[in-house]
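Each remark here refers to the structure printed beneath this line.
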Amino acid sequence: MNSLENLRSKQVKQGDPLSATLFSIAMDSILKKMEFRGNISTRLSQCTAYADDILITAGTTQAMIDTFIKLKNESLKYGLTVNAHKTKYLKCSRRQDQLKPTNIENKEIEQVKSFKYLGSTANIDSSIEEEIKEIIALGNKAFFANKKIFQTSSYLKGKTEIILLSN
């Protein structure tokens, strides 16, 4: 039995310190087997993964479906499954089509107007206005939460005050 089969035969509970490492090793192997070389300008689809958040970028709906199925099948070889309830898709287009789910292997995948991936918001018309408004609101919230510190120089001394006020 090779070491990978040995890993597959043992179950690690969610939350176990080892589970994140094993998951990362498995995902790295899965994505390498899917052979994504180049970038989205030279390929029909691309996968981006951070921990268990996986983003499939595709030029066509069919390329997205094919990539999703390939990812799902490769993941199954490692005992990993895709949660269909958490799976969503976003179609960026100049046309304002109605949102409609797509069907992949008899599972309905919901279409959304926007989603947040690693802190960045992607939306249906590829605009960034909402994200900019959110960043400004977060900055204002942080400023007003710490307003007393900024107004009372006795809290801040020397270099700290200069660094905070110059940023």
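The values are calculated or read from the model by the stated rules, or taken from the named source; none is laboratory data. What you are looking at is a predicted structure, and each value in this text was computed from that prediction instead of being measured. FYI the Cβ positions are ideal-geometry reconstructions off the backbone, even for glycines, and counts take in every protein chain you see. Accessible surface areas use protein heavy atoms only, side chains included; no ligands, DNA or RNA. Shrake-Rupley method; radii C 1.70, N 1.55, O 1.52, S 1.80 Å.
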Check: Conditions: (1) within 25 Å of S24 (Cα to Cα); (2) of a type outside the set (S, T, Y); (3) more than 18 Å from the chain's Cα centre (by Cα). E105 meets all but one. Number of the miss?
Finding: (1)
Next item on the list: Could you tell me which of the residues N73, N103 is at pLDDT 75 or above, open to solvent by 60 Å² or more (accessible area, probe 1.4 Å) and in a strand (DSSP E or B)?
Entry: N103
Check: Of the residues I136, I149, which single one is assigned to a helix (DSSP H, G or I), more than 21 Å from the chain's Cα centre (by Cα) and modelled with pLDDT under 80?
Finding: I149
Notebook entry, point to check: Out of S120, S75, S126, which single residue is closer than 29 Å to V12 by Cα and either of a type outside the set (D, E) or touching a Cys at 6+ places or on another chain (Cβ under 7 Å) (or both)?
Noted result: S75
Item checked: Near pairs, Cβ below 8 angstrom, 6+ apart or cross-chain, from the range 83-98 (within 18 Å of T57 (Cα to Cα) and part of a strand (DSSP E or B)) to any residue that is open to solvent by 70 Å² or more (accessible area, probe 1.4 Å) and at pLDDT 80 or above -> K88/E110; Y89/E110
Notebook entry, point to check: From the list S114, S126, S120, S29, which one is surrounded by fewer than 11 Cβ atoms within 10 Å (Cβ to Cβ) and touching a residue at least 12 places away in the same chain (Cβ under 8 Å)?
Noted result: S126
